[in-house]
Every structure is written in C-alpha cells, then in structure tokens.
Amino acid sequence: MEPNTLKVKYVQIHDEALHDSWGDLRIVHVSDLHLAGWSKKVARLAQRINRLSPDIICVTGDLGQWNTKATEVVKFFEKLDSRYGTYAVLGDSDTSSGLTRCFYCHESGNIHRLRKEPVILRDTCKSVKLSGKSMTVCGISPQTGEIPQEVLSLWRNKVRKTHPPDLPILVLSHFSGAWAELPPRERVLWLSGNTHGGQIWTPGWLRPLIFRGKDYAHLKGLFRRGEHCWLYVNEGIGTTRCFPFRIGVPPEITVIEIKGGSKQKTGPHV
C-alpha cells in the first residue's frame, strides 16, 4: 500500500541570513531511497526530480537496500541533473551492507567523480559556488550522526573552527537527533531522513508512545530553533525489506525554496 505513489512537498523558508548568503535557492531533497535495483519506477523518480528544476539535489542516506550492489545507486545518481550538483551522505543501511559498502569509499566508484564533485560527504564540508555567491555543504557520516556528542565535537573542532560563526551552513545527515543539541544561535539548514515519516500514519498523541529516540522527536517536516537554525526531516522514498509497506505516508520529494523576508508560515519553534 502506497510505496508506489509519490508526493512532491513544497516548503518555503523565509530567512534573511540564509538568503543573504545563498540568494534565491531551490533545493530538492530526497532520502531513504532503499534502491534494490534499476527499474522503470526508479527511472521515473529521477525524471520527476529533474523536472523540478533543482539548483542543488540533496540525498540524506540509505541510498541502497541492505546488501544491494552500489552500482545501482551510481546509475541513479548519473541520471540526476541540477544546476550546482548532487550531494549525499550515507545511511546506516549503506554502512552495514558488508563488502558492498566499500564501493562508496574507493575512487573506483564512479560516484566520486560525477560532475567532478565528491557527491558523498563523510564528516567533511564542501564549498559550492552559486551564481555570485557560495554555499558550504557539510555531510555527517551515519557512524558519527548516531551519537549527538560526536556530532557536536565534529561541529566545534572541524566545522566552526574553519568557518565563521555567522556563516550559514547546509548540513546533510541521515540522523536528525544532534540538531536539537546545536546552539539555537546557529545559522543552519539541517536536512535528514531515517524515520520514513513513521511509514504508517499515526495520530499525534500516539507517536511518543511508538517512536522513541532523539530522531523520532522530529518525525517529519520543518522545525526551527532560534531565528536561523532549521531542520527538515524528509519522509523518504523507499521501505525496508522487512516491512515493504507505507500506509498514509506516501514517498516524498521535498522542494525547499530559500527566500528573503519574514513571511514564514511553516515550521514550529521547538
């Protein structure tokens, strides 16, 4: 039920600090692909993403189904087209898949050379040239992302040590739990997945009883702390092999538009 449907969700973030650094920007965000092979469905997904005219494409982990050949993921990435490139991080499904995960680590994997960009980021940052501006994209590995204190250490000792405190940063992480530990004064847009939006619709009052852990405190959607510290949790595309169903939570492509002004209507303060 519903794993073959697809919704496109549009989100506008009105934030002068982000807009001053990045300008008008269209980010297409997908997560939890769980690709098990090439198919017409996967080809249509790539086409749908491209038709949204993305400035930048972000993929936040669980690229392949567990123990799937990474070449299937590479084929999907090769079909994507955006103005400034595609950037991704791995998820726990990717790093627990035996020897297949090594494909993501070595130069023999063409995924590292697509458009001459290191599209998969592991606890590293990349400066992306925009039209007359620039953006810093930082990717957090799933091994680090699962432990908030490890993320905070990485943030202090590697990210902010080399970037001014007032510089907005686009963060990609499969897990969202560490976002709530960042100082609310940070200027960040943090993109995550992992939760699949619950994969089965549940009423709000029931969710805290079912979904436990820091990641599930922010199950899906847009959140804000302070004035410029943003989180978006994507509901994902695929499903796990052990539970190949979605009920009331269809696969999601998110279009996030960065705008100036203060007309923000979406995104609760938390």
**Asked** Among the listed residues Pro168, Pro184, which satisfies the condition of being in contact with a Lys or Arg (Cβ under 7 Å, 6 or more places away or on another chain) and either of a type in the set (A, V, I, L, M, F, W, C) or under 20 Å from Tyr84 (Cα atoms) (or both)?
**Response** Pro168
**Request:** Return only the number of the condition from (1) of a type outside the set (A, V, I, L, M); (2) part of a strand (DSSP E or B); (3) without any contact (Cβ under 8 Å) to a residue 60 or more places away in the chain that Tyr10 does not satisfy.
**Result:** (3)
**Item:** Of residues in the stretch 50-64 being buried (at least 24 other Cβ atoms within 10 Å of the Cβ) and farther than 9 Å from Asp81 by Cα, the one modelled with the lowest pLDDT
**Value:** Gly64
**Request:** State yes or no: is Asp94 in a helix (DSSP H, G or I), crowded, with 16+ Cβ neighbours inside 10 Å and modelled with pLDDT under 95?
**Result:** yes
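Yes/no matrix, rows are residues, columns are (1) closer than 22 Å to Glu257 by Cβ; (2) at pLDDT below 90; (3) not in a helix (DSSP H, G or I):
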site: Arg48; (1), (2), (3): yes, no, no
site: Val73; (1), (2), (3): no, yes, no
site: Phe76; (1), (2), (3): no, no, no
site: Tyr84; (1), (2), (3): yes, no, yes
site: Thr100; (1), (2), (3): no, yes, no
site: Phe103; (1), (2), (3): no, yes, no
site: His106; (1), (2), (3): no, yes, yes
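Given the condition of a type outside the set (A, V, I, L, M), more than 17 Å from Ile169 (Cα to Cα) and within 17 Å of the chain's Cα centre (by Cα), answer yes or no: does some residue in the stretch 16-33 qualify? Walk me through how you get there before you give the answer.
Step one: filter the stretch 16-33 for residues of a type outside the set (A, V, I, L, M), giving 16, 19-24, 26, 29, 31-32.
Then keep just the ones that are more than 17 Å from Ile169 (Cα to Cα); that gives 31-32.
Checking which are within 17 Å of the chain's Cα centre (by Cα) leaves us with 31-32.
Checking the stretch 16-33: at least one residue is of a type outside the set (A, V, I, L, M), more than 17 Å from Ile169 (Cα to Cα) and within 17 Å of the chain's Cα centre (by Cα).
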**Request:** Return yes or no: is Asn67 farther than 18 Å from Ser192 by Cβ, within 18 Å of the chain's Cα centre (by Cα) and surrounded by fewer than 16 Cβ atoms within 10 Å (Cβ to Cβ)?
**Result:** no
**Request:** Looking only at the stretch 205-218, decide whether some residue is touching a helix residue (DSSP H, G or I) at 6+ places or on another chain (Cβ under 9 Å), at pLDDT 90 or above and not β-branched (Val, Ile, Thr).
**Result:** no
**Asked** Could you list, in sequence order, the residues of the stretch 4-15 that are charged (D, E, K, R) and over 19 Å from the mean Cα position of the chain (by Cα)?
**Response** Asp15
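The values are calculated or read from the model by the stated rules, or taken from the named source; none is laboratory data. Not measured: the values here are computed from a predicted model. FYI the Cβ positions are ideal-geometry reconstructions off the backbone, even for glycines, and counts take in every protein chain you see.
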